[in-house]
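Here the structure comes first, spelled out in structure tokens, and everything after it is commentary.
The values are calculated or read from the model by the stated rules, or taken from the named source; none is laboratory data. What you see is a predicted model; the values in this text were computed from it and never measured. Positions of Cβ are backbone-derived with ideal geometry, glycine not excepted, and every protein chain shown enters the neighbour counts. Surface accessibility is based on the protein's heavy atoms, side chains included, excluding ligands, DNA and RNA. Shrake-Rupley method; radii C 1.70, N 1.55, O 1.52, S 1.80 Å.
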Amino acid sequence: MALERLQFQNLRNLATVDMAPGKGVNLVSGANGSGKSSLLEGIHVLGLARSFRTHKLKHAIAHDTAGMTLFGRLAGDPPRPLGVRRDQAADGLEMRLDGEKVERVAQLAQALPLQLINPDAFRLLEGSPSARREFLDWGVFHVKHDFFDVWRRVRRALKHRNALLRHGKMDVQALNVWDREFAHWSERLDALRMEYMQALAPLFQATLAELIDLPELTLRYQRGWDAKRPLGDVLAAGRDSDSHMGFTQTGPQRADLRIRLGRRPAVEVLSRGQQKLVVSALKLAQGRLLGEMNGRTCVYLIDDLPAELDGEHRRLFCQLLAGLECQVFVTCVEPETLDRVWLPNTDVRMFHVEHGRLHTE
């Protein structure tokens, strides 16, 4: 599902935006600091109610304004409006979907699946496991209908278990209850993640092969506890250690994706350009799998696509992207760097940002 209209007010340095993006590739060019990334940020907030540039969304509100309003309309019959408002004086967000207030970010995320490829995406290789779990759970959330409920139950059980572990005197009976609850839902969460990874891994390898020749690169899921033992047994054996530490040391909250080239972590071996292609292959493979499993497409936000890529790899990347037949927002400084890189008949709509103002070319 593609965005057919965007209207932003008081988003950073952008003047009021009223944009009719195309269903294919939307190429946004402009000098550094002109507002290109802010445009992508606004779309990101629409779909996830958070920014990829700041942890505090109020910092994205234009200086000396009362608040920020972001509106989008998804194409369809009927079209689906969605919006986010953040006031300077308020603590929370107002989120709307189909004209009604919504309380859960998951409702926006379900309506507008987004994939972001920007410098932060390198965290999939060089960052902490939490970034890779977030990547993994994005995919499971969009293709497994019971994922969100299972995930919430795991989080609830973990919260209660950790609270008991931090108590000066352990309530053994209560801890036994939450151990069972945590183990039960964690095993279910792990099964959902494993099923998803079994589908994603071969698609990732195929996608990577279209971008770069790295036959020794492997992607492996680790669930967060001994693969040969039930989590309940692991929790029981580690209870004293967990009590001493004050938190649960094993479980799905410790899951990770290991990305290796031969026997070494890929981040230690690959160049920056190669890393970008690996990260992009992971994101593109997720988009492909979303289409295969439920017929939906995601919207890609790609900030400064030409960076770190030579001309040939730009062409391979853009042709693969165009082949997904999904909506894409791409930024670059010089549009000439992306001339003659798309598949024939690719719908490319050109925009230019100058001093915070968006112009259609």
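Contact order for the stretch 1-125, expressed relative to its length and based on alpha carbon pairs under 8 Å spaced 6+ residues apart, stands at 24 percent.
Loop sites here are trypsin sites (Lys or Arg not before Pro) outside DSSP states H, G, I, E and B with no more than 13 other Cβ atoms within 10 Å. The longest part of the chain free of them is 264-339. Just checking the listed ones, F122, F329, F247: in the Gaussian network model of the chain with Cα springs under 10 Å, the one fluctuating most is F247. Taking the DSSP bridge list for the chain and keeping only pairs wholly inside it, about 70 percent are antiparallel.
From helices alone, the chain scores -13500 deg cm²/dmol at 222 nm; the rule is -39500 (n - 2.57) for each run of n ≥ 4 DSSP H residues, then divide by the residue total.
Taking 1.567 mPa s as the viscosity and 4 °C as the temperature, the Stokes-Einstein diffusion coefficient of the stretch 218-340 based on its alpha-carbon Kirkwood radius rounds to 73 µm²/s.
With 30 Å as the limit, the listed pairs K228/K276; K101/K276; K23/K283; K169/K228; K36/K144; K159/K276 have K228/K276; K101/K276; K169/K228; K36/K144; K159/K276 beyond it between alpha carbons. Looking at the square roots a ≥ b ≥ c of the eigenvalues of the Cα gyration tensor of the stretch 94-168, which shape do they give, rounded for a/c under 1.5, prolate if a/b is larger than b/c, or oblate? Here the stretch 94-168 falls in the oblate category. Around the amide H of I117, modelled in the peptide plane, lie the amide H atoms of L301, I302, D303, all under 5 Å away and 5 or more residues distant in sequence or on another chain. Over the Cα atoms of the chain, the radius of gyration divided by the Kirkwood radius equals 1.00; this is the Rg/Rh ratio. Within the same chain, aspartates and glutamates fewer than 8 places from K56 are excluded, and of the rest, those with a Cα less than 14 Å from its Cα are E41, D87, D91. Each residue of the stretch 288-301 was assigned a 3J(HN,Hα) from its phi angle through the Karplus curve 6.51 cos²θ - 1.76 cosθ + 1.60 (θ = phi - 60°); the sequence is 4, 5, 4, x, 5, 8, 9, x, 9, 10, 9, 9, 9, 10 Hz, with glycine and proline shown as x. Shown for the stretch 147-195: the carbon plus sulfur share of the solvent-accessible area, taken with all protein chains present and a 1.4 angstrom probe, equals 53%.
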